[in-house]
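Have a look at the structure below before the remarks.
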Amino acid sequence: MTTAEFHTEGRRITGFTVRGHSGYAPEGEDIVCAAVSAITQTAMMGLKRFAPDTRARWREGDAPLLEVEVPHPTRETEVILTTMVIGLEDILSGVPQYVRILHTGSEVESK
């Protein structure tokens, strides 16, 4: 299962951690992992453009991991991260057994 965990302070998302393989299909053929990767990596690129102090760490292997931290969230970074949540929630609605979304810190509204 792929787990996306969003870190919040108050109502603002300040970063995220995505880990694991979805297990939907063999590695290299897994469309769920590909969709999650496309959404998360696009969000990371947008964050780096609008908040250059964004920190990202990527680790591959048996348990891939992407950690992204936005030290100084702005309206732009909030829009990017909220859009990421919406995209992942859409994947979750179709294949809930392969993707999990968590929020740490204060609750974040996403509709």
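Quick notes on this one:
- Any hit, the range 12-35, residues being more than 14 Å from the chain's Cα centre (by Cα) and over 20 Å from Y98 (Cβ atoms): yes
- Pairs with Cβ under 9 Å, 6+ apart, first in the range 100-111 and open to solvent by less than 50 Å² (accessible area, probe 1.4 Å) and of a type in the set (A, V, I, L, M, F, W, C), second modelled with pLDDT of 50 or more and assigned to a strand (DSSP E or B): I101/T3; I101/A4; I101/E5; I101/F6; V108/F6; V108/T8; V108/R12; V108/I13
- When restricted to residues that are acidic (D, E) and free of Cβ contacts under 8 Å to residues at least 24 places away in the same chain, the range 63-76 contains 0.
- Of note, L47 does not satisfy the criterion of being closer than 14 Å to T8 by Cα, surrounded by 13 or more Cβ atoms within 10 Å (Cβ to Cβ), in contact with a helix residue (DSSP H, G or I) (Cβ under 8 Å, 6 or more places away or on another chain) and not aromatic (F, W, Y).
- For the range 17-36, filtered to residues that are small (G, A, S) and closer than 10 Å to T2 by Cα, the residue that is surrounded by the fewest Cβ atoms within 10 Å (Cβ to Cβ) is G23.
- Looking across A43, A63, A56, one residue alone is at pLDDT 95 or above and of a type in the set (A, V, I, L, M, F, W, C). It is A43.
- Summed over the range 1-16, the residues that are in contact with a strand residue (DSSP E or B) (Cβ under 8 Å, 6 or more places away or on another chain) and either open to solvent by 30 Å² or more (accessible area, probe 1.4 Å) or not hydroxyl-bearing (S, T, Y) (or both) give a count of 8.
- The residues of the range 56-93 that are in a helix (DSSP H, G or I) and within 17 Å of T3 (Cβ to Cβ), listed by number, are L81, M84, V85, G87, L88, E89, D90, I91, L92, S93.
The values are calculated or read from the model by the stated rules, or taken from the named source; none is laboratory data. Bear in mind the structure is a predicted one, so any value in this text is a computation, not a measurement. All Cβ positions, even for glycine, are placed from backbone atoms using ideal geometry, and neighbour counts span all protein chains on display. For accessibility, only protein heavy atoms count, side chains too; no ligands or nucleic acids. Shrake-Rupley method; radii C 1.70, N 1.55, O 1.52, S 1.80 Å.
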